[in-house]
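The values are calculated or read from the model by the stated rules, or taken from the named source; none is laboratory data. Since the structure is predicted, the reported quantities are computational estimates derived from the model, not experimental observations. Reconstructed Cβ throughout: ideal geometry from the backbone, glycine too, with neighbour counts over all protein chains shown. Surface areas here come from the heavy atoms of the whole protein model, side chains and all, with no ligands, DNA or RNA. Shrake-Rupley method; radii C 1.70, N 1.55, O 1.52, S 1.80 Å.
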Amino acid sequence: ASIILAPIGEEFICRGVVLQFGQKSFGRFWIANIFQALLFGVIHMNWVQGIYAFVIGLVLGYLVKQYNTILPAMLLHMVVNFSSSTWIAYLLEPVPATLLIGIILCVVPWLVIIPLLLWGRKKKEAIDIFVE
């Protein structure tokens with residue numbers, strides 16, 4: 001449920017509905033993106049998850065804008081939830097370092113985010129060439 005269902009539902013609500021209507025209402029993407037990321041952080045209902053959910057929400061919102069679909073955001077959200085709820089717990093079971101877990105939870109998603117952003121930039125440049 002947390003790996004598949006939660007990302008699907010949260011992406012439809014935050015990036016599908018709130019971001020799209022927010023952009024129409026506010027007229028600016030960055031305001032709508034901050035608003036949906038704030039909502040995304042709040043729905044996680046605790047400070048620790050809320051803070052990094054807000055930051056990841058900003059990135060997920062940017063991905064939706066970049067690709068004009070919620071699918072990349074949904075997939076990345078699934079990767080983040082998978083990494084935080086499955087293999088990290090087993091990998092770090094003997095290590096009681098909360099800081100180490102936090103670092104890994106920040107690094108693993110970026111290993112997915114950076115290639116997606118670079119791929120999106122190349123895709124956009126290719127489209128811009130044809131438009132000009």
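The criterion of at least 1 residues that are within 16 Å of the chain's Cα centre (by Cα), small (Gly, Ala, Ser) and closer than 19 Å to residue 74 by Cα is met, among helices (runs of 4 or more DSSP H) falling completely within region 1-56, by 5-10, 29-42.
Residues that are at pLDDT 90 or above and open to solvent by less than 70 Å² (accessible area, probe 1.4 Å) within region 41-52 comprise just one, 41. All of 60, 76 fail the test of being in contact with a Cys (Cβ under 9 Å, 6 or more places away or on another chain), within 17 Å of residue 112 (Cβ to Cβ), in a helix (DSSP H, G or I) and open to solvent by less than 80 Å² (accessible area, probe 1.4 Å), apart from 60. Please enumerate the residues belonging to region 67-86 that are closer than 13 Å to residue 20 by Cα and more than 12 Å from the chain's Cα centre (by Cα). Within region 67-86, 68, 69 qualify.
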